[in-house]
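Participant: Before anything else, here's the structure in question.
Only the coordinates and a few stated rules stand behind these numbers; no lab work does. Here the structure is a predicted model, which means the values were calculated and not measured. Neighbour counts are summed over all protein chains in view; Cβ atoms, including those assigned to glycine, are modelled from backbone coordinates with ideal geometry.
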Amino acid sequence: MRSPIPDFLDETLDRHRSDRSGENADYIPDLAAADPEKLGICISTLDGVKYTSGDAEYEFSIQSMSKPFIYGLALEQVGLPRVLEMVGVEPSGEKFNELSLDKKSGKPLNPMINAGAMAVHSLLGEPGASLAERTEIARAGLSKFAGRELTIDEHVAEGEWGAAYRNVAISNMLRSYDVFLDDPDEVVRGYISQCSVLVTAKDLAIMASTLAGGGVNPLSGEQVLSPRVNRQVLAVMMTCGMYDAAGDWMTEIGIPAKSGVSGGVFGVMPGQVGIATFSPRLDKHGTSVRGAKIFRDLSNRLSLHIMDAPEPARSIIRRDRRFVDSKGDMVRICSLQGLIQWSGSENVIRAMDDPSGSTNVFVLDLRRVNEINGIARRMLTETLSRLEDDGIRVVLMDPDNLMKCKGPDSDLPGVEIIDSLKTVKGLKRVRDDRRKEMAERTP
Ligand code: GLU
């Protein structure tokens, strides 16, 4: 079978190919000269499958799309408190290259605007690291997200440095407010080199899917960012990634994303996919015109808006049946299904609470459960142990050991674990009327 996904991507590009609105970035010579007709897309799954269309293998400089990744690397290197001391996490609502600092704290508002990104760049390596060292840390770090060795386009970097008046001003402002103590020219040059790393839409999609997968690169399997840092990066990207268009982007498109003046845009759907597009003509916010339109399309047609409430979760309680066993005890078998998170565990806990008090044996059947997250497991463990305290015999059917009750480290050491219901002898189904009757008889 030929997958319909590449056809879907071809169609999506074709719908926007004729849109020639916007202009290439003009302040970096190589970007001004880039072929404005290029158009490419790649979607990467969390297991590293890449669906591409158009110019997905064409190389361009990463520009501001480097910022979230370098922020992540700095967080890993010096820790959250140190980074927060230097750069805030508040959306600025300003242009990417605004000469601004937070009025009260005197620090850059967030790491997605140039002021914040340069401050973050200055954290790379040992304090006082050289330009060459920081540049190499940035290049090698970005390569880990892409799963291949990326290179720097020195020509792009030289061109940008030649007219970097605004960024030099920002860097000098940071130095004069003691945000960093390094040579401001070196910090701009390092930041410009970081922006000049070459990527393709395919690389960017892999980089995005590394963030979508909790910091694990789908190609190399390497944990590039810890889950906590990864979350920080995504949260900041979602609120600040699109500068003065962040609100419009999040409400209309709803895919946490980052754009760059080279014409790339990448988006991250946590737990689902990484997406990247490339098309050089930009709108007034510095975002690719066709890129934004394609993202809007994907959001609508693939239901990718992050705030779309999920379908009301199909009940995770598949069946809840009562039996009487050969000894005349009331046995309740509660069978669960799917993925159990906190809200699901609340559901189960509510169902476990049996005010009639007629249950003697409680069987929790997890054979159809795919996953229980940490907090749901703790909630269920606590509830089962309370059932035991109430004198109820608790039995688990948990072939995949999702409740981690097998072995010496079990949180429910006494719990009985069975493989098959046959172990609970002589079960007879209790009908509703009989159940009511039994409940009424119980004091
Ligand atoms: N190197 C560019 C600059 O600092 C990146 C801007 C962007 O991509 O938004 O001006």
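Participant: Set Lys and Arg Cβ to +1 and Asp and Glu Cβ to -1, take the dipole of the range 100-197 about its Cα centre, and tell me which of Asn172, Ala115, Gly190 lies farthest positive.
Facilitator: Looking along the dipole axis, the top candidate is Ala115.
Participant: Can you tell me the order of 142-153, 189-200 when each peptide is scored by its average per-residue count of other Cβ atoms within 10 angstrom, highest first?
Facilitator: In decreasing order of mean packing, 142-153, 189-200 become 189-200, 142-153.
Participant: Among 111-124, 325-338, how do they line up by average Cβ neighbours within 10 Å per residue, starting with the highest?
Facilitator: 111-124, 325-338
Participant: Which of the peptides 295-304, 95-104, 240-249 is most tightly packed, and how do the rest follow, judged by the mean count of other Cβ atoms within 10 Å per residue?
Facilitator: Descending packing order for the listed peptides: 240-249, 295-304, 95-104.
Participant: How many angstrom lie between the C-alpha centres of the range 281-334 and the range 172-189?
Facilitator: The distance from the Cα centre of the range 281-334 to that of the range 172-189 comes to 46 Å.
Participant: Which net charge results when you count Lys and Arg as +1 and Asp and Glu as -1 among the other residues whose beta-carbon is under 11 Å from that of Pro218?
Facilitator: -1
Participant: What are the ³J(HN,Hα) couplings of the range 271-281, residue after residue, when phi is run through the Karplus curve with 6.51, -1.76, 1.60 and θ = phi - 60°? Round to Hz, x for glycine and proline.
Facilitator: Result, rounded to whole Hz: x, 10, 8, x, 10, 9, 10, 9, 6, x, 6.
Participant: Another question, then. To check you understand DSSP bridge types, tell me what percent of the beta bridges within the chain (both residues inside) are antiparallel, rounded to 5.
Facilitator: 70
Participant: May I pose another question? Rank these for me by crowding, Lys67, Lys107, Lys428, going from fewest to most other beta carbons within 10 Å.
Facilitator: Starting with the residue having the fewest Cβ neighbours, the order is Lys428, Lys107, Lys67.
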